[in-house]
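Asker: I have a structure I would like to understand better, so I am pasting it below and will then ask my questions one at a time.
The values are calculated or read from the model by the stated rules, or taken from the named source; none is laboratory data. These numbers come from a predicted model, not from an experiment. Don't worry about glycine lacking a Cβ; one is built from the backbone with ideal geometry, like all the others, and counts go over all protein chains shown. Note: accessible area is taken over every heavy atom of the protein model, side chains too, but ligands, DNA and RNA are not part of it. Shrake-Rupley method; radii C 1.70, N 1.55, O 1.52, S 1.80 Å.
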Amino acid sequence: MKTQVMVDLYWKCYAYGDELKPHIEFLDGIMLSSTRDIAPSCVENVDELIERQEKSLVQLETKRAVVKDLIEKGKKILENPDKPKFLEGHVKRIEEGWDDTKNKAQDRLTLLQETKDAWVGYAENNETIASDFEKAEEEIKRVKKRFNLQAALDDLKKRQDIYNNSENKIMGLFNTINANFTCMSITLPEDKKKIIDKEIKAVQEKLEVVGRFKDKVAKVEDFVKALGEFDASLKTINDWMEMATKELNDIKEAAGSMLPEDRVARTMDLQEDIAAKVEILKTNAKTELELLPQGDKVPQDAQDYKDELNRITK
C-alpha cells in the first residue's frame, strides 16, 4: 500500500514537471526577448520594439492565472513529507521564473519608453534651442546705451531680466539635450552615437551667444553706473554753487560789521572750496568725453548733460 502511494506521488510529480515545461519555455522566451541586446538607431525602431514588448507583457498577463494555479498546485504537493527533492526545484523555477520574467519584461518596456521620450525630447529640444539662439541674437541688438538716467535704469533692468531668462532657458535646454543623449546612449549603436555626439558639440559651440549677451549687458551695467555717478556729481556741484553764492553774498553784506580776520578766513575757506570743485569739474569734463557721444548728432538726453556741465563750468 505504501509503495502504491509513493508511485502515485512520484507520478503526480513527474506529470507536474511535464505540465510546467511549456510554461517555463514560454517564460524563457519572454525573458530572452526582454534581455537581448537592442540597438535602435531611430525613434521608429524604438516604436517597433515598444510594440513587441507590450505584446509580450499582454501574453504574460494572459498566462498569469494558469501560472499562479500551477505554483499553488506545486506548493500543495510540496506539503507531502514524502515528496521527491526535484519537486522543490520545479516549483522554485516556475515561481521565480514568473517574477523575474515579469520584472525584466516591465523593465525593458520602461527603458524603451524612456528611450522614446529621449529621442522625441532630443529632436524637440534641438529645435527649441536653435530658435532661442536666434532670439538671443536679436535681444543682443536691443541692448543699447540710453542717456536719460531713469530710462537707462529701467531699460537695464529689462535687459537683465531678458538675459537671465534667456541664459536659464538655453542652458537648461542644453543640459536636457545631454540628458536625452545619455538615455539614448544606453541602446544607441556606436556609429549613431558618434553622429549625435557631433551634433551636440555643434550646439555647444553656439552657446557662445550666451557669453556675448552677458558681456553686452555687463558693459551697459558699467555705463549706467558711471552715468549715475556723473549725474550725482553734477547735482552735488549745482547744490554747492547755490550754497557758495549765498556764502559770498553773506560775506559782502556783512563786510562792515565783520572783523577783518573773520572776513579773510571765510573768504579763504570759500576759495579753497572753489579750487576743490574746479578739480571735480575737470574730472567731470573728462568723464563727459568718455561717457557721452561726441560730434554733431548727439541724442538730446546726452546733450542735456553737456549743457548742464557747461552751465556749471561757466
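Asker: Among Lys145, Lys198, which is among the basic types (Lys, Arg), surrounded by 13 or more Cβ atoms within 10 Å (Cβ to Cβ) and over 17 Å from the mean Cα position of the chain (by Cα)?
Answerer: Going through Lys145, Lys198 in turn, just one is among the basic types (Lys, Arg), surrounded by 13 or more Cβ atoms within 10 Å (Cβ to Cβ) and over 17 Å from the mean Cα position of the chain (by Cα): Lys145.
Asker: Follow-up question, since we're still on this one. Quick one: which of Lys286, Lys314 is at pLDDT 75 or above and open to solvent by 80 Å² or more (accessible area, probe 1.4 Å)?
Answerer: Values: Lys314 fails: at pLDDT 75 or above.
Selected residue: Lys286, the only one of Lys286, Lys314 that is at pLDDT 75 or above and open to solvent by 80 Å² or more (accessible area, probe 1.4 Å).
Asker: Quick one: in the range 244-263, of everything that is among the hydrophobic types (A, V, I, L, M, F, W, C) and exposed (fewer than 12 other Cβ atoms within 10 Å of the Cβ), which residue is modelled with the highest pLDDT?
Answerer: Filtering the range 244-263 for residues that are among the hydrophobic types (A, V, I, L, M, F, W, C) and exposed (fewer than 12 other Cβ atoms within 10 Å of the Cβ), the one modelled with the highest pLDDT comes out as Leu259.
Asker: Another question about this same structure. For the range 230-239, enumerate the residues that are open to solvent by 40 Å² or more (accessible area, probe 1.4 Å) and either farther than 15 Å from Phe147 by Cα or in contact (Cβ under 8 Å) with a residue 40 or more places away in the chain (or both).
Answerer: If the condition is that a residue be open to solvent by 40 Å² or more (accessible area, probe 1.4 Å) and either farther than 15 Å from Phe147 by Cα or in contact (Cβ under 8 Å) with a residue 40 or more places away in the chain (or both), then Lys235, Thr236, Asp239 are the ones that fit.
Asker: Tell me which residues, restricted to the range 65-92, are among the charged types (D, E, K, R), surrounded by fewer than 16 Cβ atoms within 10 Å (Cβ to Cβ) and within 19 Å of Leu27 (Cβ to Cβ).
Answerer: Lys68, Asp69, Glu72, Lys75, Glu88, Lys92
Asker: Take the residues in the range 37-66 that are within 31 Å of the chain's Cα centre (by Cα) and not in a helix (DSSP H, G or I), then tell me which one is nearest to Asp100 (Cα to Cα).
Answerer: This residue is Ile38.
Asker: Working only within the range 22-58, note down all residues that are open to solvent by 60 Å² or more (accessible area, probe 1.4 Å) and free of Cβ contacts under 8 Å to residues at least 12 places away in the same chain.
Answerer: Pro22, Glu25, Leu32, Arg36, Asp37, Glu44, Glu48, Glu51, Lys55, Val58
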